Amino acid sequence: MKKKATWWSIFALVCAFLLTNLSAVSVAAEGGCNAPDLICKAARNQDISLTLRDHCSYRQSVKVELYKKEKDGREGKLDKLRLTTVMVEPSTAPDETGQYPVNSRVVADTDDKGKPKNNVDPKARTGLASGAFLDLLFFPLLPEKVANMQFEEIPASQISEKHKGEVAFRFGPKSGVTTVTLASGVVYLNPQSGAVLTVQIDGLYNLKAFDKILDKLQSINATVDYSEFDTKYRMPTIASGGGVSEVTKFKGIFKFTFEEGKYVQVLKLP
């Protein structure tokens with residue numbers, strides 16, 4: 001007898017699709033970086049930060065709430081709630097391709113009503129354990145993505161008090177780019193180093209190019225804050241956001257809060 005897909009496994013499937021297809025279609029920029037200088041610095045920093053992160057063990061936790069969507073589009077009552085914590089670490093041995101897979105192990109979990117499980121399946125299929133779909137939101141300015149994006153610096157007079165002293169750019173896909181999944185939003189940078197301080201995502205583009213199921217993820221938004229690690233890396237440590245989904249078994253208005261930390265380098269950098 002086939003096991004029925006749960007709303008959480010559907011969420012995990014969406015996550016896995018995002019991660020798999022992003023890595024498959026990234027196109028490296030030819031001839032170097034053609035974006036503003038600070039964006040190029042940010043892209044390099046995101047690249048080395050993601051590389052280090054993939055060589056570390058760390059802890060992730062996420063809370064996902066799914067609300068019914070009323071006919072007028074407003075948020076209805078809470079339908080599902082799940083809290084999950086996983087430990088992420090790279091394999092100590094390469095696979096057949098010579099790469100070191102990044103594995104995750106569930107260490108705490110709840111049922112769909114938010115009640116803690118007494119017996120946790122370390123291999124449970126969750127939005128975290130199936131692959132870091134949130135990496136799309138955490139690392140939107142990788143060099144291969146920047147090559148397909150356009151940027152507009154936001155005047156200092158329009159930057160909120162919270163981000164005074166920082167440099168902000170609005171970003172999004174270049175016109176005509178239809179085969180690469182990209183994010184749009186605003187990034188706040190250190191004005192000297194280009195280190196990414198905060199990213200505010202307001203949309204994802206070209207999801208339909210990979211699978212029709214992703215076209216039913218109607219919207220997503222997120223705010224991601226970064227912390228310094230080992231003086232030169234910027235790691236995503238706190239994120240929150242939400243969106244609207246029409247994906248089967250995951251229909252409604254969803255919200256999430258996310259934390260990541262306790263980094264320990266496991267593998268040497270190349």
Which one is surrounded by the most Cβ atoms within 10 Å (Cβ to Cβ), of the residues in segment 150-202 that are of a type in the set (Asp, Glu) and over 21 Å from ASN221 (Cα atoms)? GLU166
Out of ALA16, ALA93, ALA24, I need the residue that is at pLDDT below 90, loosely packed, with under 15 Cβ neighbours inside 10 Å and either within 19 Å of the chain's Cα centre (by Cα) or closer than 26 Å to LYS117 by Cβ (or both). Which one? ALA24
Here the residues within segment 92-112 that are over 28 Å from THR248 (Cα atoms) and touching a Leu at 6+ places or on another chain (Cβ under 9 Å) are THR92, TYR100
Top-ranked residue of segment 214-228 - restricted to ones that are more than 20 Å from ALA168 (Cβ to Cβ) and either buried (at least 16 other Cβ atoms within 10 Å of the Cβ) or among the charged types (D, E, K, R) (or both), ranked as modelled with the lowest pLDDT: LEU214
Test GLY31 against the stated conditions and say whether it is at pLDDT below 95, within 30 Å of LYS174 (Cα to Cα) and not hydroxyl-bearing (Ser, Thr, Tyr). yes
Criterion (over 30 Å from ALA168 (Cβ atoms) and charged (D, E, K, R)) met by exactly one of ASP47, ASP111, ASP54, ASP135: ASP111
When you check ALA147 against the structure, is it buried (at least 18 other Cβ atoms within 10 Å of the Cβ), of a type in the set (Gly, Ala, Ser) and touching a strand residue (DSSP E or B) at 6+ places or on another chain (Cβ under 7 Å), yes or no? no
Starting from segment 222-233, keep only residues that are of a type in the set (A, V, I, L, M, F, W, C), then list their pairs with residues that are assigned to a loop (DSSP other than H, G, I, E, B) whose Cβ atoms are within a distance under 7 Å, requiring at least 6 positions of separation or different chains. none
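The values are calculated or read from the model by the stated rules, or taken from the named source; none is laboratory data. Being a predicted model, the structure only gives us computed values, none of them experimental. Note that we place each Cβ from the backbone using ideal geometry, even for glycine, and neighbour counts take in every protein chain shown.
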